[in-house]
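See below for the structure under consideration.
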C-alpha cells in the first residue's frame, strides 16, 4: 500500500494552508459581510424614505439581480482577463457607488430611485468580483 506522505493534504480546510488563498478568501469574506450590512442599511434607509413596501423589496432585488443577469458574461470576463484586475475593478465599482451614495446622503439628497440605482451599481460590482 503506498504511503500518503508525499501527496498534498486533502480536506475541507486544506486550501487555507496557502497564504495567498487564505488572504484573498478572508478579504473576500469581510468585503461580502460589509456588502450585506450595506444592503440592510439601504433597506432601512428606503423604509424611512419611502412608505412603499415594494420599494424596500426592490433594494434587495436591485442588489442581487446583477449577479443573476451578469453571471455568464462576468464568468467569461474573469476567464479571459486577469482575475486580479477583474476583482480590483469590481471592488472599485462597489467603492465608487458606495462613496457617491454617501456623499449624496451627506448633502441630504435622498431619492428612492437614487438608492435603487446605487444599490444596482453595488450589485454589479459584487457580480463582477465574485467569479474572479
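From the list 85, 94, the lone residue that is out of contact with any strand residue (DSSP E or B) (no Cβ under 9 Å at 6 or more places or on another chain) and within 19 Å of residue 36 (Cβ to Cβ) is 94. Scanning segment 3-15 turns up no residue that is part of a helix (DSSP H, G or I), closer than 25 Å to residue 127 by Cβ and within 19 Å of the chain's Cα centre (by Cα). Give the residue that is surrounded by the fewest Cβ atoms within 10 Å (Cβ to Cβ), with candidates limited to residues of segment 52-74 that are without any contact (Cβ under 8 Å) to a residue 24 or more places away in the chain and closer than 20 Å to residue 101 by Cα. Result: 57. Between 87, 46, which is buried (at least 17 other Cβ atoms within 10 Å of the Cβ), within 19 Å of the chain's Cα centre (by Cα) and either over 27 Å from residue 113 (Cβ atoms) or at pLDDT 90 or above (or both)? Testing whether each residue is buried (at least 17 other Cβ atoms within 10 Å of the Cβ), within 19 Å of the chain's Cα centre (by Cα) and either over 27 Å from residue 113 (Cβ atoms) or at pLDDT 90 or above (or both) leaves just 87.
The values are calculated or read from the model by the stated rules, or taken from the named source; none is laboratory data. All figures in this text were calculated on a predicted structure; none of them were measured in a lab. As a convention, Cβ positions derive from the backbone with ideal geometry for all residues, glycine included, and neighbour counts pool all protein chains shown.
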